[in-house]
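First comes the structure, then the notes that go with it.
What follows draws every value from the coordinates through simple rules; no lab data is involved. Predicted model only: the values in this text are computed from it and were never measured. FYI the Cβ positions are ideal-geometry reconstructions off the backbone, even for glycines, and counts take in every protein chain you see.
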Amino acid sequence: MLQSIINFLPELALCAGICHLLILAAFSFDAPRVYASGARFWLIISLLLSILFYDRQIVGYLQYNAYTLLFTIIGDIGIYALFFLTSTWFTAKNITGCAYNILLLISIICFNVMLASVNLMIVFGAFSTLFIINEGFYYIYHSEDETDATNNYSTSLIILAIFIISFAYLWYRVEGTLEFAPLQEFFIENKTSLAVYSAMIGLIIPFLYLLGIAPFHNVLETRIGKSILPVAHYEAVILPIFLWGEIIKMAHLMFLPYAASLTLALSTLGIFSMIVGAIAANTDNKIQQLYMHSSMYHFGIVLILLSLADISAEFAGFIYLFMYMTGLAAAYSVGYNLKSHGEYLLKVSSLSGLAQTRPCSANILLLSLFSIIGLPPLAGFIGQISLVNQLINQGKYIYLIVIYTFLVWLTKAYLQMIRTIYFQQKIKIFDTENKKVLMIMFLMTIIILSQAFNPLEMVEKIKDMFYVIAL
Amino acid sequence: MITNIMAGLLAIGLIGILKLRVRYDRMFSVMMFLATAYIFYIYMNLDFSGIESGFSFLWEKTKIGDITIDFYPSDLSNLMIKPIFFISVYALLSNNIFRYEERIMPLNALIILNLIVLSLIICAKNYVQLMTMIFVSDIIGYLTIKNADSLRKYVIYNFFADMCLFMLLAMACGKIQSLDITRLLGYEQIGRHKDFVGICAALAIFIKIGCFPFYSYLTDIKTARFSRIIIANVLGTPLSGILMLLKLHNLLFVSNLMPLIYQIVTVATFITGIIGFVHSRNMLKKVISLDLALRGMLMQILWINGFEWNRYTVFYLIGIYLFNHLFYEIFIYQKREVDIVNMPSVIESNERALKFLLFRETLLMSLSVWLVWQIAWQYDDISIVLGITILLAAVSIVLHHIYKTPLKNSQVIVCGKEKNIRQSIFECTNMLVLGMGFFYLQPEISSIIAIAIIFLVMIASSLGKPFYQIYAKKDEDKNDLVKNLFFYIIAVPLTYLSRRCWLFIDLILSEKIITAAISAVGYGGERLFLQLNGQKYRTPIRALVLGIILCLLCYHQGGQ
Amino acid sequence: MISTNLLLLIIIPLLGSIFTITAKSGYIDASKNAYNVAAWTLMANIGVIFSLYLQLDPDKNGIQLVEKYQWLHLPQIDIFLGVDMFSMLLLTTLGLSFLMICLSQEEKDQKAKAIATSILLFVSMLNGYILAADIMSFYIFFAAINIPLIMLISFSEKTHKKNILIRFSLYNLIGIMLLFLAVMTIYDYKGGNIPLNTAGNLNLSGKKEYFVWISLCLAFMSRLPIWPFHYWIASMNASLHNAMVFVISNLMPLVGLYGFMRFWPNSVPKTIAVYAPYFEIICLITMLLIAVISLSSKESRYKLFAYTTVYYILYLIGVFLPTGSLKMNIGVSLFSYIMIFTVISIILGHIEQEKKRLNLHTLTSMLCYMPRATICLSLYILAGIGLPITPLFWNNFIIISEIFNNNLLLGILVVMSVFLVGLSLLEELYRLKDRAQISSELKLLQDLSRKNFIIYIAGIVCLLIILLKSLWMEV
């Protein structure tokens, strides 16, 4: 009994947090920072407990290890900053943000469980919940423009249906438990079965859908463009970390028998995503959409690395992803300071002349974009090294040429933004910067700058934790 | 001793740069002259035969030879140094006596520094020293002229000449792999591209000397002060050009084309000089043209004597300066009137100094003609006889205009008969110099008298009458053929070419075409994306189906 | 005790930039304060450089005073710094040039803090680039130089040429990517990081050889204004009004040139050597055309850009000659050349500021009432075009004589380009000194301050001093 409680302590802490927030809501607390503070508190407790009991397990269902802890730590730090930043947003909008915080806490539980699961049923449950929570975010914090809503919900429904059907089919076909190891054996035995392969694809597609990988990007692209900043931030920065962790784990533990086909599929999708992302980024006037398309490009690269079906390539993909996310998180954090007359600025054109009156925000945004591009000595450079090293090792020069060709195209979009910020005349009066947000921005800047110096031999430690999945 | 002499000269030169009050300036400039004269006296009495005396400053060691700044004057090199030294001292005296400027110390300093530089050119044994000193002499010439209007062309022409010299010596250095000037003799055997080398050398030397058709930068300095013009013309760039010719004539004549070109240029220079001397109304331009003619003749003399500098050429060089100075004195005594038309005739104004000047001119002319005849006799060449005869006629025509003709626009100016002691001293010195010339050259007195009589008769005759019409035209510069030639053949096409290049290279044939093409492709991609994304209802479904089909296709391609 | 002098050359300007950016702004002497901090930082930097000279053995070839710092384990990458006489010369001249720039700033500028910070950052990265002794460190600093450069252009220039930033960044980014790919390929081939001086002896083969050498070539060429990819630098330079930014943007080709010097081996692989003549032809075309265009250009900045371009390409041609003995000649020549064009740029900047202040239409005759500026500009332009008492002239002589030895036509065209560009500078000088078009409003012009005048004359003295050891050739 005690063991069971210990196994779920971090999740229980998060549940306690949910209850706490519900109680606060029941008592009609209005201040968003109260909810955010509460959520942060329980998040910290959960994280500490996760670290303390990092190797708990429920045989056949959940297995926590260094790999899951790695993603938990990274994700939770990101979420902690998210709570901080979103509270300022909700305060400015005079919304409590209780639902947002609660949904986020539930997501964290789903993330933890999904990452730790070694059983497809758990994955199914956690992912479905996550999917619904995602829809819940959009439903609660929808934009006023409802023209695409039906279309988007329909598509999401189809994706969820594909996921359910695939899971159901596998559940039907597999005799016995749905653990990863037996599932892998099942896949080996049925390697030539198109139906089984289709079911496997059906499991992957929803992940790619949530990540916004082309050609499954349309809904996410539309939604992120119209979402509020906290939701877009969550969708763009937090969600992908955990989803990628799960994809890497599943690819490694379950989908190896289909390596050849998956290599081709994932690399094709990756390249397609890169191309579409780079081109689409140049058509954007909305900041969030620009970031989303940028993510399409970078996630395409991660997918390519994943397709190489090699643990070192997967690790390189993870490092690349991590460094990219650092830059993106910094860029998003700047967004919380970009207000004019109380309204948050969503368009690139509204940033005209930002550098003249808000040099701090402008410079941090500049630095984060440089990091995303991969210029040394910033964090993104580490990712670039890992990427190129892997591709050259594997002899994939064509991929390199495609990657860098479209990076140039993508950079053009970033440069348009920089040009708007530094070169154009100011058209809006920007509100005073929030000191708390500034603090987060500075912290992000320090992280971007210091990552390149590999403080505390962080990369090596991350590698040790990551490689647990190969054991 | 030599080192001390050079150090002394350098010190005097550097002191001259100081900007003092006018009163102190007079005093110091006299002291500069006296000091320089004393050093000259010591130098003349030194014995240069036997052991090499001088100094050598090691600048840098290189794999193709040591770069040194040498000054080891020998008897041969002193044949060049001593007359230049003499002229410099004479010029210092002239500056002190005919105080044309308020402050003359700077000009004196330039003369002395120029002397040092020319001495180093003469004694140069390596390219580095030669080129450096030639360039420094350009700068001294530049500072001497001190007139912005004149300087532009001067700088550009000299820059071009210096680049040709640079190119020439760079080529030679690259081939011979040595910096030693004596090894340039070997270029004829081992060198490549001889025609090009010859052309380069020709351009560098001819521009420096100011030969036809490159003389216009020298005629343009006519707007500067007379005293400075003389220094620049006689001791400046043209003289460094002559020294270059003496040092580098081997490179000039590696090409078979050059002897003919050299002859043509020499003759053309002489004729241009004579025409300019007779034709021009401007006194300064006359003197510059006279120098041009005299240099042309000097080039011919050097050609016929195998580019050997001997005692004849020494006196010839001194003679050039004396001629210049005599015309300068005319200018001074005519109250600094530049336009000949506005000058009164000397006979009417009854100026004693001018009349004595005529006497000195006659002596100088006679001596010069005799000297040239000696050269012609020695080398059996008639061309320079013809040349000196033409020169004699030209000078007599000009002097006729100055001394005899009551030209229009002139007013009788009573110049005054006040005795000027300094001028008298100078006249005595000049007579002394001429006397020394007679002493050293030992001419036949009967020949001298005959030439003098002919000269005076020519002045007195109506030889110059046909040229009165020429002076009626004021704007002679507009019809300068060479200037127009350069303008229309070089300047205009170059400007045209430059603008066309800008149009084609910077605007059309640049990366703009390539980047525009790439951008067009990109914009096409973006439009396609927007179009595909625009269909709101069907797009996500289509994309989903496409994705699934892709994945399924990979199943087959993957060989499953 | 392990020496960290080389690291100090990177750290000192970096700390200076942090110090500058954190300084208080908004008060009267803020801009002066910012430049003073920058000046002191650069002086400290120069002090370290001079201390390095004492430790260096001038007769020894190759990299000395090596310092190694661990960085990443996966992949194994260390930062390897080292120095030889060539890089010492570059460091010295860059330090002195930037010091002159900072000391000569007198205008109150709201963006002074940002500009001073960017300059110090740039100096730090450039020092790192010159000190880098292995391929990875070389790449890192090659890429890192762009960050302060983009910042400088963003801060200092106004809105009328918006596309400059995009084109500038894209071209530089392409260069960075190409170099990165080449370096990583070498890294992979050799199984690790290699010293820079062995980069020329790679012994690659097949497609890899082509890929690496072409990438390297294109990467360094992306910094050089080589036709047809010259227009972006030309238009950028012509439109830069801030003298400091102009100088820094004209140091970009130095980055490319230095890269060629370090990577390009004396004996180029035959597969690549076949293409070398084509490259030389393109360089020559660029040189000649830009020199010709500068004659008719009315922009003094374009003329100065043409001058810098022609000389950079001259040095580049020198690098491509099949002789390894020109390195020091190029180094000493660069020493003078950088100082010369820095000062010319600053003086022209001062003249343009005065023109703007008095609302004049043209720069013609402006020097007539600025005697100090006239002396300085005349001296530096004469030094720049070929005054033989500067090391620039003599080392160029050696380089050009080798070019002639290699190919006559190449030599002729090079000298012609050098002449044309010198002529255009002289024309500009005379236009500024043209007394024929003097107007009364020019009397209000402010000449160079005495302090700046002394600084620039000190620069000339510096050039004369280095003349004493001007010809660097292997004995």
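Quick rundown of the values:
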item	result
Order of C:Arg372, B:Arg228 under a 10 Å beta carbon neighbour criterion, fewest first	C:Arg372, B:Arg228
Helix B:283-304 vs. chain B, principal-axis angle (Cα, 0 to 90°, nearest 10)	90 degrees
Residues A:Asp284, B:Asp70, sorted so that the one with the fewest Cβ neighbours within 10 Å comes first	B:Asp70, A:Asp284
Whole-Hz couplings from phi, Karplus 6.51/-1.76/1.60, listed for segment A:410-427; x for Gly and Pro	5, 4, 4, 5, 4, 5, 4, 5, 4, 4, 4, 5, 9, 9, 8, 6, 5, 10
Backbone HN-Hα couplings from phi across segment C:327-337 [Karplus 6.51/-1.76/1.60, Hz, Gly and Pro as x]	4, 5, 4, 5, x, 5, 4, 4, 3, 5, 4
Amide hydrogen neighbours beyond the local backbone of A:Leu62, cut-off 5 Å, H modeled	A:Val118
Cα-centre dipole for chain B with unit charges at Cβ (Lys and Arg positive, Asp and Glu negative), debye to 20	1820 debye
Counting all C-alpha pairs of the protein assembly as shown, share separated by more than 68 Å (%)	27 percent
Percent RCO, i.e. relative contact order, over chain B, from Cα pairs under 8 Å lying at least 6 residues apart	11 percent
Using alpha-carbon coordinates, inclination of helix B:492-501 to the longest axis of chain B, degrees	20 degrees
Links that overshoot a 30 Å alpha carbon limit, given the list A:Lys426/C:Lys451; B:Lys146/B:Lys465; A:Lys396/C:Lys270; A:Lys426/C:Lys443; A:Lys339/A:Lys461; C:Lys208/C:Lys303	A:Lys426/C:Lys451; B:Lys146/B:Lys465; A:Lys426/C:Lys443; A:Lys339/A:Lys461; C:Lys208/C:Lys303
Built amide H within the under 5 Å cut-off of B:Asn126, gap 5+	B:Ile181
Averaged over C:397-408, number of beta-carbon atoms from partner chains that fall within 10 Å	6
Size of electric dipole in segment C:157-274: Cβ of Lys, Arg +1 and of Asp, Glu -1, about Cα centre, debye, nearest 20	160 debye
Sequence of B:Trp377, C:Trp227 once ranked by neighbouring C-beta atoms within 10 Å, starting from the fewest	B:Trp377, C:Trp227
Options B:Leu107, B:Pro83, B:Leu367, ranked by Cα towards positive dipole end of chain B, top entry (Cβ charges)	B:Leu107
Interchain or long-range residues, amide H under 5 Å from A:Glu179's placed H	A:Leu120
Top positive-direction residue, dipole computed over segment C:295-475 with Cβ charges, set C:Met328, C:Thr390, C:Ile457	C:Ile457
C-alpha center-to-center spacing [segment A:1-54, segment A:382-419] in angstrom	41 Å
Unit charges at the beta carbon, dipole of segment C:59-151: most positive-side option, C:Trp71, C:Ile115, C:Cys102	C:Ile115
Dipole moment magnitude, nearest 20 debye, the protein assembly as shown about Cα centre, only Lys, Arg, Asp, Glu C-beta charged	3820 debye
Centre separation in Å (Cα based) which lies between segment C:79-141 and segment A:438-453	24 Å
Mean ellipticity per residue at 222 nm, deg cm²/dmol - from DSSP H runs of n ≥ 4 across the protein assembly as shown, formula -39500 (n - 2.57)	-23500 deg cm²/dmol
Given chain A, longest segment not containing exposed loop GluC sites (Glu not before Pro) (DSSP; at most 12 other Cβ within 10 Å)	A:176-471
Using alpha-carbon coordinates, inclination of helix C:206-221 to the longest axis of chain C, degrees	10 degrees
Spin-label model distance (nm) - B:Arg352 vs A:Phe41, 7 Å beyond Cα toward Cβ	12.3 nm
Within 10 Å of each Cβ in A:250-260, the average number of Cβ atoms from other chains	1
Alpha-carbon centroids, segment A:208-234 and segment C:309-368: separation in whole Å	52 Å
